1. Just one of Ile306, Ile276, Ile267, Ile285 is at pLDDT 95 or above and touching a Gly at 6+ places or on another chain (Cβ under 8 Å); which is it?
2. Can you give me the number of residues within the stretch 24-43 that are over 30 Å from the mean Cα position of the chain (by Cα) and either more than 19 Å from Met113 (Cβ to Cβ) or not assigned by TED's automatic domain parsing to the domain that holds His120 (or both)?
3. For the stretch 16-51, what are the residues that are touching a residue at least 60 places away in the same chain (Cβ under 8 Å) and of a type outside the set (A, V, I, L, M)?
4. Just for the stretch 244-286: of the residues that are among the polar types (S, T, N, Q) and not in a strand (DSSP E or B), which one is farthest from Asp324 (Cα to Cα)?
5. Kindly list the number of the only condition in (1) touching a strand residue (DSSP E or B) at 6+ places or on another chain (Cβ under 9 Å); (2) outside the structural domain of Glu34 (by TED's automatic domain parsing) that fails for His120.
6. Are there any pairs, at least 6 apart or on different chains, whose C-beta atoms fall under 7 Å, with the first in the stretch 127-153 and without any contact (Cβ under 8 Å) to a residue 40 or more places away in the chain and not assigned by TED's automatic domain parsing to the domain that holds Arg9 and the second of a type in the set (Lys, Arg) and buried (at least 16 other Cβ atoms within 10 Å of the Cβ), and if so, which?
7. Condition test on Val220, is it assigned to a strand (DSSP E or B) and either among the hydrophobic types (A, V, I, L, M, F, W, C) or at pLDDT 95 or above (or both)?
8. Could you please let me know if Asn66 is without any contact (Cβ under 8 Å) to a residue 12 or more places away in the chain, exposed (fewer than 12 other Cβ atoms within 10 Å of the Cβ), of a type outside the set (A, V, I, L, M, F, W, C) and farther than 22 Å from Trp134 by Cα?
Amino acid sequence: MLFGISPTRPEIGYGYIKYEESQGCEFIVSAFKEKPDLETAANYLKSGNYLWNSGMFMMGAQAYLNALKKFEPEMYEACKRAHRSASNDLDFKRIDVNAFEESPSLSVDYAVMERIENLHVIPYPGDWSDVGAWDAVASLADQDQSGNAIQGDAVLLESSNTLIRAESRLITGIGLENLIVVETRDAVLIANATKAQKVKDLVDVLKSKNRKEATTHHRVHRPWGFYETLVLDHRFQVKRITVNPGARLSLQMHYHRAEHWVVVSGIAEVQVDEEIQTLMEDQSIYIPIGSKHRLTNPGKLPITLIEVQSGGYLGEDDIIRFDDVYGRR
């Protein structure tokens, strides 16, 4: 069963479901349509028998597995092998990575739903948005009298119908109209609001240029918490590291860099080679190149520390792990 959204405008950012006969509150799906151009979307709206594809489905688990096995047996078998080889890690079940990566990369729409016969859809006439593009974010945000939506620290003059999202610094604008400006620590997006659906194409261009911004986020999550790079320059890097309560980093060493840890908040248990000590707020420790070290959070609150790395190579692959509670190598 599909849930389709009754369209209210000729939207080019959504796929469409064409339906035919009625069975009570249900309709039979006759076709799926990709995102259309504006003229085609207007014709869909006028015809009255098209719904926006919300991407929401209801099905029995076994019915879905049977359909997947029928239409995409390679995907079914890869996922089955991945779960057979899964391991338990505390409260997590970690599937086998190598087996799972053998699965074809297909959405549920293409793999199963668009290939099932006698598929039904229920129209939903209420408010809905998949918030799939920045123009949708702008339409849902609070706006001033000129149609501007400001999120974060921003000031506009003589501007209208513009979304500003500032995450790390002040954004100012003069005479802006129908624009989207999204500022993050690692990149700034400036786009005409009518081109909001093109962001995916822009990301593809970044990938073709091997830009790391296309595949990695400024905040990097790890099983024990996360870290953020504050400064990266020649031969040194400064990070802010947050370690969750009860979590611990791997016992590790580096061939090319030394580290200096300063505890900003929380209580840290630190091992450097054979010595273990407890660091309180505003205390620090130096870790020479080649020393085995580990940090543990024994408390009930997160630890925040500043890490200063120095050396000839600062890549994340310069980590030799000797012991890790999360099974990493």
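1. Details: Ile306 fails: touching a Gly at 6+ places or on another chain (Cβ under 8 Å); Ile276 fails: touching a Gly at 6+ places or on another chain (Cβ under 8 Å); Ile285 fails: touching a Gly at 6+ places or on another chain (Cβ under 8 Å).
Just a single option satisfies the conditions, and that option is Ile267.
2. Number of matching residues: 6.
3. Within the stretch 16-51, Tyr19, Gln23, Cys25, Glu26, Phe27, Phe32, Lys35 meet the criteria.
4. Initially, the stretch 244-286 is screened for residues among the polar types (S, T, N, Q), giving 244, 250, 252, 265, 271, 277-278, 283-284.
Pick out the ones that are also not in a strand (DSSP E or B) and you get 244, 250, 283.
Details: Asn244: 15, Ser250: 4, Gln283: 25 Å.
Per the stated criteria, the residue is Gln283.
5. (2)
6. So the pair list comes out as Gln151/Arg165; Gly152/Arg165.
7. Details: assigned to a strand (DSSP E or B): yes; either among the hydrophobic types (A, V, I, L, M, F, W, C) or at pLDDT 95 or above (or both): yes.
Spelling it out, Val220 is indeed assigned to a strand (DSSP E or B) and either among the hydrophobic types (A, V, I, L, M, F, W, C) or at pLDDT 95 or above (or both).
8. Details: without any contact (Cβ under 8 Å) to a residue 12 or more places away in the chain: yes; exposed (fewer than 12 other Cβ atoms within 10 Å of the Cβ): no; of a type outside the set (A, V, I, L, M, F, W, C): yes; farther than 22 Å from Trp134 by Cα: yes.
Against the criterion (without any contact (Cβ under 8 Å) to a residue 12 or more places away in the chain, exposed (fewer than 12 other Cβ atoms within 10 Å of the Cβ), of a type outside the set (A, V, I, L, M, F, W, C) and farther than 22 Å from Trp134 by Cα), Asn66 does not qualify.
The values are calculated or read from the model by the stated rules, or taken from the named source; none is laboratory data. As the structure is a prediction and not an experimental result, all values here were calculated from the model. Quick reminder, even Gly has a Cβ in these numbers, built from the backbone with ideal geometry, and neighbours come from all protein chains shown.
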